[in-house]
Amino acid sequence: MKRFFTMLTVTVIWATSLFAQKVTVNVASDFGVGEGSLNRAVQTAVTAGTLSNTVFMLEPYGLYILTGTIVVPVGQHLEIVGPVPGNTQETAPPQIVWTSSGGVTTNFNFECFGNITLRNVWLLYANTGGTQVGSSLQIQNNPDPNVQETAVFENVLFDYSPTPPNAGGAVTVTADRFVGTFKNCYFRNCTDTHLRYYGRALSFPFNTSGWHHDYVLFENCTFANIGYVYMQEGGEYGDNVHFNHCTFLNTMMFTLQSGWWWKASVTNSIFVNAFMFGDIPAAGGDDPNGGTIRIDSVSTFGFTVPFTEQDRRILFAHNSYYIEDWLKDWMANNPYSLANASNPDTIPRPQPMLSPATLVFFDSTANGQKAFPYMNRANLYDNANPNFLIAPTNVTDLKTFLLYKWTTNADINWAFDPQAGTNQVWPINENLSYLNSTLRTAGMGGFPLGDLYRWWPSRYTQWKAQADAENARISTWLNTGKDPITSVKERPGSAVPASFTLSQNYPNPFWSDIPPRGKSNH
């Protein structure tokens, strides 16, 4: 599967951080030296009591074969980084995979009772033989209710994640104060051959209660071929949930579930082929879910929350939506739909961008004023085809998978070129930059919609220089119900006009200062 690499070396480098000195341990790839080098390096630091003061540096194009779950103890911090990937095979991100040996428990690739940081790594949910493995990166609960469980992921490729044993996601939370930051990440081929509602990017486990997100941010992330992206069920939800400059392609069911948002923003993003299973009126009632964000009334939640309808802050702005022609045609003309043509309510149909019930929250007025002034939608592009350059869509098997889910529930692998992932092919084969000139300037400040880091690298550099100002704009809009610059013309390529300065009331994005929160009661 792989080529020979350098022999094992461990180099110690001293580095200074804001809070303490950290040791960088260079962990050599497992090529030619056996399996488990990363397991051994981490365990050595755990045993020595130095885990939180260590950075584990992996090699470019390295292969790291897990021989067991890597456990982060309570109160400790695990940090694993790779070099910034380049554009050649030799500069591919280091890949972490499972051993093919028998007798290994693979429920969790990482089990975090403490905190974790991953940067510039490729986390493959498969073994060295290329077989998909149901694992999860699990965030476990801290017994102290005043301590948040934190995870930071930057430029991590979460690849080929199916249903894990606890029916969670690629990252699963069983904690009541989770704080998660995902920047420049790619969730690729998170597909399950049997269940249409797995895999998932971030999820609680199935049939649990009591877990909670304090704060979640996805920024410049891509989700391509996935069951759900973000899951809330069983009364488990997030206080602050934010997506900015994200690309969503081929989500099998809910993109963002459920409609229990307290403070949420979805901005500058592209949705293509959302909720591919479709709306089936006979099974789902009169109100289709919608392919993007949904808002449900607090009175329908079925559990108690510490906010009222008027307390909620929800922003859905500068986003586009499109269902491709092949998918619309397949919903109408697949063998199941043709056989049931006399009963159209049993036939799948494309989900709307936003459900009718959600539009009520965004658009209702009373006495000429918005009924919900802190719930806003603006600058949306419905039925806008971005025309991706190279979309990672396995149309033939995807059609078969959908037909099976509408009928017999048989299994088929609908992932796009999974062998490229299991063979660590780099650069990746797809390209989700696009041709639509309108969407290329439809973001705040005239930036392209969607993930800039991966698909528009030159624009990302420009965007990064003004990211704090853009985030402040989103924060102000969310908290006041008004875009602070709608009355002032923006400069091309800038998120804010020259005349706009940050208000003293909102000096930083609101999610940069998470207020203390007691132990969750839900």
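The values are calculated or read from the model by the stated rules, or taken from the named source; none is laboratory data. All values reported here derive from a predicted model rather than from experimental measurement. Because the Cβ atoms are built from the backbone with ideal geometry, glycine has one as well, and the counts that use them run over all protein chains shown.
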Kindly list the number of the only condition in (1) over 22 Å from Ser355 (Cα atoms); (2) in a strand (DSSP E or B); (3) not β-branched (Val, Ile, Thr) that fails for Asn250. (1)
Can we say Lys370 is touching a Gly at 6+ places or on another chain (Cβ under 8 Å) and among the charged types (D, E, K, R)? yes
From the set of residues in segment 262-285 that are touching an Asp or Glu at 6+ places or on another chain (Cβ under 9 Å) and crowded, with 21+ Cβ neighbours inside 10 Å, which is nearest to Arg349 (Cα to Cα)? Asn273
Just for segment 286-317: of the residues that are crowded, with 23+ Cβ neighbours inside 10 Å and among the aliphatic types (A, V, I, L, M), which one is nearest to Asn240 (Cα to Cα)? Ile314
Mind checking whether some residue in segment 97-107 is surrounded by fewer than 19 Cβ atoms within 10 Å (Cβ to Cβ), within 22 Å of Leu202 (Cα to Cα) and more than 21 Å from the chain's Cα centre (by Cα)? yes
If you go through segment 344-367, how many residues are under 16 Å from Lys405 (Cβ atoms), surrounded by 22 or more Cβ atoms within 10 Å (Cβ to Cβ) and touching an Asp or Glu at 6+ places or on another chain (Cβ under 6 Å)? 1
Can you tell me which of Asn387, Asn431, Asn423, Asn376 is within 23 Å of Val84 (Cα to Cα), in contact with a Leu (Cβ under 6 Å, 6 or more places away or on another chain) and either modelled with pLDDT under 95 or not charged (D, E, K, R) (or both)? Asn431
Taking the stated definitions as given, is Ala126 within 24 Å of Asn207 (Cα to Cα) and under 20 Å from the mean Cα position of the chain (by Cα)? no
Matching residues in segment 66-90 - criterion: being assigned to a loop (DSSP other than H, G, I, E, B), touching a Ser or Thr at 6+ places or on another chain (Cβ under 9 Å) and within 17 Å of Leu38 (Cβ to Cβ): Thr67, Gly68, Thr69, Gln76, Pro83
Which one is surrounded by the most Cβ atoms within 10 Å (Cβ to Cβ), of the residues in segment 417-449 that are among the small types (Gly, Ala, Ser) and more than 19 Å from Asp382 (Cα to Cα)? Gly421
Just one of Thr441, Thr486, Thr476 is among the hydroxyl-bearing types (Ser, Thr, Tyr) and touching a Phe, Trp or Tyr at 6+ places or on another chain (Cβ under 7 Å); which is it? Thr476
Across (1) in contact (Cβ under 8 Å) with a residue 40 or more places away in the chain; (2) more than 24 Å from Ser161 (Cβ to Cβ), Asn26 clears everything bar (1)
When you scan segment 374-392, do you find a residue that is farther than 30 Å from Thr480 by Cα, buried (at least 19 other Cβ atoms within 10 Å of the Cβ), touching a strand residue (DSSP E or B) at 6+ places or on another chain (Cβ under 7 Å) and among the hydrophobic types (A, V, I, L, M, F, W, C), even just one? yes
Long-range neighbours under 9 Å by Cβ, at least six apart or interchain, first residue of a type in the set (Gly, Ala, Ser) within segment 402-429, second loosely packed, with under 13 Cβ neighbours inside 10 Å: Ala420/Asn429
Residue, surrounded by the most Cβ atoms within 10 Å (Cβ to Cβ), within segment 197-208, restricted to residues that are assigned to a loop (DSSP other than H, G, I, E, B) and hydrophobic (A, V, I, L, M, F, W, C): Phe204
Of the residues Val152, Val173, Val216, Val179, only one is buried (at least 24 other Cβ atoms within 10 Å of the Cβ) and either touching a Leu at 6+ places or on another chain (Cβ under 8 Å) or among the aliphatic types (A, V, I, L, M) (or both); which? Val173
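The rows are residues; the columns are (1) within 30 Å of Trp330 (Cα to Cα); (2) within 23 Å of the chain's Cα centre (by Cα); (3) of a type in the set (Gly, Ala, Ser); (4) not in a loop (DSSP other than H, G, I, E, B).
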site: Asp345; (1), (2), (3), (4): yes, no, no, yes
site: Pro352; (1), (2), (3), (4): yes, yes, no, no
site: Leu359; (1), (2), (3), (4): yes, no, no, yes
site: Pro373; (1), (2), (3), (4): no, no, no, no
site: Arg377; (1), (2), (3), (4): no, yes, no, yes
site: Leu380; (1), (2), (3), (4): yes, yes, no, yes
site: Pro386; (1), (2), (3), (4): yes, yes, no, no
Out of segment 322-343, which residues are buried (at least 17 other Cβ atoms within 10 Å of the Cβ) and not in a helix (DSSP H, G or I)? Tyr322, Ile323, Glu324, Asn334
Hey, among the residues in segment 12-31 that are among the hydroxyl-bearing types (Ser, Thr, Tyr) and farther than 13 Å from Leu58 by Cα, which one's modelled with the highest pLDDT? Ser17
For segment 37-65, how many residues are in a loop (DSSP other than H, G, I, E, B) and buried (at least 18 other Cβ atoms within 10 Å of the Cβ)? 4
Of the numbered conditions (1) part of a strand (DSSP E or B); (2) at negative phi, Pro93 satisfies every one except a single condition; which is it? (1)
Could you grab the pairs with beta carbons closer than 6 Å, sequence gap of 6+ or different chains, first residue in segment 175-196 and under 19 Å from Leu249 (Cβ atoms) and in contact (Cβ under 8 Å) with a residue 40 or more places away in the chain, second one among the small types (Gly, Ala, Ser) and part of a strand (DSSP E or B)? Phe187/Ala201; Arg188/Ala224
For a quick check of your reading of the model, give me the residue pairs whose first member lies in segment 277-296 and is in contact (Cβ under 8 Å) with a residue 40 or more places away in the chain, whose second is among the charged types (D, E, K, R), with beta-carbon atoms closer than 6 Å and at least 6 apart or on different chains. Phe277/Arg196; Gly278/Arg349; Asp279/Arg349; Pro281/Asp345; Ala282/Asp345; Pro288/Asp279
A careful count of residues in segment 211-243 that are part of a strand (DSSP E or B), of a type outside the set (Val, Ile, Thr) and closer than 18 Å to Met375 by Cβ gives 5
Is it true that some residue in segment 311-323 is farther than 25 Å from Ser475 by Cβ and at pLDDT 95 or above? yes
